[in-house]
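Asker: Submitted below is the structure of interest, expressed as structure tokens.
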């Protein structure tokens with residue numbers, strides 16, 4: 001005799017502890033096994049792209065803070081790079097060094113958040129999260145020192161950065177740089193060898209290189225699948241071609257690779273920050289530009305390797321003081337394309353870890 | 001009916017004679033209280049009060065005392081957990097209410113009792129309200145045969161450990177009732193997981209006890225404590241202790257087996273829909289179970305009320321319980337959660353063989369040395385346990401099933417062709 | 001450094017396969033005819049020398065007279081990139097062929113463009129609004145959509 005069975009449909013989110021914001025997944029379960037997934041977006045949609053059309057070029061910087069609120073510095077950077085490309089100018093060298101330094105600090109902070117929440121999703125009750133938050137706090141303190149804000153920094157400007165580094169910044173940075181490698185090692189020792197963590201992550205949530213490329217996945221998720229593509233190396237912007245660092249590559253594209261890769265990227269970021277500090281040139285930190293920018297008519301695409309992947313701004317100018325069109329290529333949103341294929345066949349518990357290992361940020365997904 | 005063995009503190013006449021007060025307190029929390037009542041009622045009206053009435057009154061008094069020990073213990077175990085978790089996580093933990101946060105449990109209790117009690121409209125109201133009770137009552141029943149000190153036991157059952165195993169698994173009925181009646185899919189998932197979990201882990205749990213019972217030759221908890229003459233059973237039964245600790249973690253739904261209320265997956269599992277004091281009752285049940293099982297571990301493996309230094313028995317007992325509870329909290333603060341199929345794997349493929357090996361080895365040792373095990377077996381036992389665990393972990397481990405690609409068609413029509 | 005694939009060179013390669021597919025060329029970008037878009041994309045992806053296997057970004061711009069859909073392609077192996085543009089001159093129900101069958105990465109991006117810009121994609125498996133709710137009137141990123149209604 002066969003019993004008639006039907007899948008049970010569960011709404012995971014928009015209010016759910018591990019959807020990292022307001023994300024909703026409609027999931028059809030066959031027992032514990034995921035049979036089908038439909039992501040539902042838009043709970044945090046604020047219309048940033050439309051708002052940008054009604055603001056001057058400088059004002060839009062404040063909007064970019066609110067995209068990926070875990071990594072506002074890189075959003076700033078991507079936007080100002082796009083405007084600079086549109087205007088055909090370049091920031092002075094000191095400004096570029098400061099920008100790169102901030103972006104790499106931001107990458108460390110963002111990856112720390114990802115690792116903490118990844119472990120939280122896996123059921124480690126708060127401890128890794130608190131460890132990572134403790135270290136992220138130091139970075140936010142540094143940001144507060146340079147621009148007065150911790151999250152909504154609005155630090156970068158077209159043609160440089162808003163203010164030069166304050167005198168107390170360098171000693172604080174040195175203290176931080178002395179501390180952080182040991183803390184990353186601590187995290188790795190605490191987490192990477194854990195039998196349960198390995199059982200939960202190895203060979204779970206496999207993403208082949210082929211599928212990752214075809215699905216427009218970028219960032220750590222792409223590199224974990226074994227594709228050597230990091231914009232900082234492949235298409236160096238600003239001063240990355242003068243810095244020495246490695247791009248870690250994963251092998252299998254499973255949860256474990258995505259997790260360990262971020263630990264390694266943090267180490268490389270520390271290297272970059274250290275080099276920036278040592279090579280920091282003098283001179284102006286910002287170009288003298290008029291209050292209202294009027295880029296020539298045309299279009300430009302500026303992109304950076306954000307912690308989540310390739311963050312791009314496609315700007316179209318009609319010669320006025322506001323962008324005619326400001327399209328955002330947000331890595332979090334596009335990385336979710338492959339989510340459905342990655343989830344089907346895994347269990348409910350794997351769903352949260354796979355979703356966490358992609359490291360998406362809802363502010364950036366919904367924009 | 002022999003009253004003296006059934007109710008707390010009611011000792012045979014002449015038991016206390018010649019003892020100092022310190023010794024008496026060492027034996028019982030309230031020396032001679034039950035005794036005095038017993039004698040007062042029996043003495044005032046010889047033959048007037050029937051035995052069954054004395055039995056009933058003393059039983060109720062004892063039950064009241066023991067249940068209150070559990071109920072007052074729960075808030076402070078919760079406080080201990082929050083404090084310790086805070087320390088593990090570079091935080092301070094609650095420290096605002098009262099001295100060192102000691103009044104925090106009271107504040108929590110008042111908050112829970114004044115909170116609105118919400119029952120979902122679609123819930124099965126009767127079962128929904130009944131579930132916390134069904135959950136908490138078996139847990140409290142578990143305290144009856146626990147020997148807190150010599151002769152300080154509410155119900156000195158000859159089948160004590162069997163009774164405890166039977167009663168505690170009944171608590172899961174309450175979990176399933178709560179999960180089912182909430183009419184919430186997360187609750188249902190949690191409830192279904194708990195049934196699978198309990199069925200799997202009850203077996204290694206019982207089999208791990210068998211080794212201890214074989215050593216002692218009795219199911220009576222007081223007799224098991226008495227049987228651990230010079231060294232605790234832990235030293236004879238390291239393998240059994242490991243299996244029992246893991247199985248108890250699962251039975252208590254503690255990390256890393258807390259998958260029935262996995263907050264990152266199931267919001268909070270079977271009690272997602274509960275609020276107010278119903279939720280509080282469930283919380284009491286969970287933490288009372290932790291206290292109770294810690295007591296059982298202390299009794300079975302750590303020689304219960306006995307200790308190397310002269311100290312009242314119940315203090316030793318509570319100290320050992322506190323150590324075990326702290327151990328559970330430590331594990332919770334450190335280890336990520338296992339997946340449901342990995343938990344099944346661990347239960348059936350790792351713990352069950354280990355428990356069986358333990359039984360065989362213990363039986364062999366007892367047969368070889370019927371007059372008591374020699375001391376040199378202790379290091380041998382530990383080495384053996386280490387080897388067996390290492391080999392079994394390598395061979396069987398916790399690897400679960402690989403990805404199950406379901407051949408069924410897509411469910412959501414909109415995504416069908418993609 | 002990612003090399004911009006020369007547009008003339010690329011246009012020549014496409015013209016040998018699809019003579020009528022290229023509408024116009026600019027120094028760094030290529031304007032394609034709407035109808036041959038999917039064939040050209042498949043060719044660009046599968047050709048060994050071109051190897052544009054990743055669609056990095058897909059955006060649309062409303063130039064009032066026409067909509068322009070912009071495709072950014074990258075080859076990770078050869079480290080070169082190009083930009084394709086398609087113009088749609090209809091205003092009421094503009095549409096271009098969907099490239100989801102070529103690059104899966106286009107799936108959500110096409111939905112986004114449809115939602116906010118109102119450009120439809122023929123052959124998309126699940127073309128519905130992604131950020132806004134069903135029943136929302138208009139497409140907010142069009143230039144004639146006012147933020148503050150008069």
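The values are calculated or read from the model by the stated rules, or taken from the named source; none is laboratory data. Note that this is a predicted model, so its numbers are computed, not measured. Positions of Cβ are generated from backbone atoms using ideal geometry, with glycine treated the same way; all protein chains shown enter the neighbour counts.
Asker: For residue B:366, are the conditions met, namely being assigned by TED's automatic domain parsing to the domain that holds residue B:201 and within 26 Å of residue B:231 (Cα to Cα)? Even if it seems obvious, please write down each step before you answer.
Answerer: Numbers: assigned by TED's automatic domain parsing to the domain that holds residue B:201: yes; within 26 Å of residue B:231 (Cα to Cα): yes.
Yes, satisfied.
Asker: Sticking with this one: I'm trying to understand the selection: among the residues of the stretch A:34-63, which are within 13 Å of chain C (Cβ to nearest Cβ) and not in a loop (DSSP other than H, G, I, E, B)?
Answerer: Within the stretch A:34-63, A:36, A:37, A:38, A:39, A:40, A:48, A:49, A:50, A:51, A:52 meet the criteria.
Asker: Another question, if that's okay. Identify, by number, the condition in (1) within 30 Å of residue A:11 (Cβ to Cβ); (2) out of contact with any helix residue (DSSP H, G or I) (no Cβ under 7 Å at 6 or more places or on another chain); (3) assigned to a helix (DSSP H, G or I) that residue B:186 doesn't meet.
Answerer: Result: residue B:186 fails condition (2) only.
Asker: Could you tell me whether any residue of the stretch B:241-259 is over 15 Å from the mean Cα position of the chain (by Cα) and within 14 Å of chain A (Cβ to nearest Cβ)? Steps first, answer last, please.
Answerer: First pass over the stretch B:241-259, keeping only residues over 15 Å from the mean Cα position of the chain (by Cα): B:242, B:256, B:259.
With the extra rule that they be within 14 Å of chain A (Cβ to nearest Cβ), the set shrinks to B:256, B:259.
Among the residues of the stretch B:241-259, at least one is over 15 Å from the mean Cα position of the chain (by Cα) and within 14 Å of chain A (Cβ to nearest Cβ), which makes the answer yes.
Asker: Considering only helices (runs of 4 or more DSSP H) fully contained in the stretch A:112-220, which possess at least 1 residues that are within 14 Å of chain C (Cβ to nearest Cβ)? Write out each step before concluding.
Answerer: Numbers: elements: A:127-147, A:169-191, A:195-201, A:209-214.
Of the helices (runs of 4 or more DSSP H) lying wholly inside the stretch A:112-220, those with at least 1 residues that are within 14 Å of chain C (Cβ to nearest Cβ) span A:209-214.
Asker: Limited to the stretch C:81-104, what total is found for residues that are in a strand (DSSP E or B) and either free of Cβ contacts under 8 Å to residues at least 24 places away in the same chain or more than 10 Å from chain A (Cβ to nearest Cβ) (or both)? Give the steps one after another, and end with the answer.
Answerer: From the stretch C:81-104, those in a strand (DSSP E or B) are C:81-88, C:95-97; that's our starting set.
After this cut, where a residue has to be either free of Cβ contacts under 8 Å to residues at least 24 places away in the same chain or more than 10 Å from chain A (Cβ to nearest Cβ) (or both) as well, the list is C:82, C:84, C:86-88, C:95-97.
Qualifying residue count for the region: 8.
Asker: Taking the stated definitions as given, is residue A:173 under 30 Å from residue B:265 (Cβ atoms) and in contact with a helix residue (DSSP H, G or I) (Cβ under 7 Å, 6 or more places away or on another chain)? I'd like the intermediate steps shown before the answer.
Answerer: On the way: under 30 Å from residue B:265 (Cβ atoms): no; in contact with a helix residue (DSSP H, G or I) (Cβ under 7 Å, 6 or more places away or on another chain): yes.
Taking the combined requirement at face value, the residue does not satisfy it.
Asker: With respect to residue C:127, is the statement that it is more than 10 Å from chain A (Cβ to nearest Cβ), free of Cβ contacts under 8 Å to residues at least 40 places away in the same chain and in a strand (DSSP E or B) true? Outline the logic, then answer.
Answerer: Details: more than 10 Å from chain A (Cβ to nearest Cβ): yes; free of Cβ contacts under 8 Å to residues at least 40 places away in the same chain: yes; in a strand (DSSP E or B): no.
Considered against the rule, which asks whether it is more than 10 Å from chain A (Cβ to nearest Cβ), free of Cβ contacts under 8 Å to residues at least 40 places away in the same chain and in a strand (DSSP E or B), residue C:127 comes out as no.
Asker: In addition: Would the stretch B:291-305 turn up any residue that is closer than 24 Å to residue B:158 by Cα, without any contact (Cβ under 8 Å) to a residue 24 or more places away in the chain, in contact with a helix residue (DSSP H, G or I) (Cβ under 8 Å, 6 or more places away or on another chain) and assigned to a helix (DSSP H, G or I)?
Answerer: Applying the first criterion (closer than 24 Å to residue B:158 by Cα) to the stretch B:291-305 yields B:291-305.
Subset that is without any contact (Cβ under 8 Å) to a residue 24 or more places away in the chain: none.
No; the residues of the stretch B:291-305 include none that is closer than 24 Å to residue B:158 by Cα, without any contact (Cβ under 8 Å) to a residue 24 or more places away in the chain, in contact with a helix residue (DSSP H, G or I) (Cβ under 8 Å, 6 or more places away or on another chain) and assigned to a helix (DSSP H, G or I).
Asker: Return the only residue of B:212, B:231 being under 13 Å from residue B:300 (Cα atoms), in the same structural domain as residue B:316 (by TED's automatic domain parsing), touching a helix residue (DSSP H, G or I) at 6+ places or on another chain (Cβ under 7 Å) and in contact (Cβ under 8 Å) with a residue 12 or more places away in the chain. Outline the logic, then answer.
Answerer: Numbers: B:231 fails: touching a helix residue (DSSP H, G or I) at 6+ places or on another chain (Cβ under 7 Å).
After ruling out the rest, the residue left standing is B:212.
Asker: Right, residue C:73: more than 12 Å from chain A (Cβ to nearest Cβ), under 28 Å from residue A:49 (Cβ atoms), in a strand (DSSP E or B) and in contact with a helix residue (DSSP H, G or I) (Cβ under 7 Å, 6 or more places away or on another chain) or not? First the steps, then the outcome.
Answerer: Working: more than 12 Å from chain A (Cβ to nearest Cβ): no; under 28 Å from residue A:49 (Cβ atoms): yes; in a strand (DSSP E or B): yes; in contact with a helix residue (DSSP H, G or I) (Cβ under 7 Å, 6 or more places away or on another chain): yes.
Answer is no for this residue.
Asker: Still on this model: For the stretch B:89-107, how many residues are out of contact with any helix residue (DSSP H, G or I) (no Cβ under 7 Å at 6 or more places or on another chain), modelled with pLDDT of 85 or more and not in a loop (DSSP other than H, G, I, E, B)?
Answerer: Residues that pass the stated criteria total 2.
Asker: Out of C:136, C:145, report the one residue that is surrounded by fewer than 18 Cβ atoms within 10 Å (Cβ to Cβ), closer than 20 Å to residue A:318 by Cβ and free of Cβ contacts under 8 Å to residues at least 40 places away in the same chain.
Answerer: On the way: C:136 fails: closer than 20 Å to residue A:318 by Cβ.
Result of the check over C:136, C:145: C:145.
Asker: Got a sec? Which of B:351, B:396, B:338 is within 14 Å of chain A (Cβ to nearest Cβ), closer than 30 Å to residue A:120 by Cα and crowded, with 20+ Cβ neighbours inside 10 Å? Full working, then the answer.
Answerer: On the way: B:351 fails: within 14 Å of chain A (Cβ to nearest Cβ); B:396 fails: crowded, with 20+ Cβ neighbours inside 10 Å.
Exactly one of B:351, B:396, B:338 is within 14 Å of chain A (Cβ to nearest Cβ), closer than 30 Å to residue A:120 by Cα and crowded, with 20+ Cβ neighbours inside 10 Å, namely B:338.
Asker: Within the bounds of the stretch A:73-89, is there any residue that is more than 14 Å from chain B (Cβ to nearest Cβ), closer than 17 Å to residue A:332 by Cα and surrounded by fewer than 21 Cβ atoms within 10 Å (Cβ to Cβ)?
Answerer: No, the stretch A:73-89 contains no residue that is more than 14 Å from chain B (Cβ to nearest Cβ), closer than 17 Å to residue A:332 by Cα and surrounded by fewer than 21 Cβ atoms within 10 Å (Cβ to Cβ).
Asker: Please find, within the stretch B:369-383, the residue that is surrounded by the most Cβ atoms within 10 Å (Cβ to Cβ) out of those that are in a helix (DSSP H, G or I) and in contact with a helix residue (DSSP H, G or I) (Cβ under 7 Å, 6 or more places away or on another chain). Spell out how you get there, then give the answer.
Answerer: We begin by selecting, within the stretch B:369-383, every residue in a helix (DSSP H, G or I); these are B:377-383.
Narrowing the set further to residues that are in contact with a helix residue (DSSP H, G or I) (Cβ under 7 Å, 6 or more places away or on another chain) leaves B:377-378, B:381-382.
Details: B:377: 15, B:378: 15, B:381: 22, B:382: 14.
Step by step, filter the stretch B:369-383, then rank; the result is B:381.
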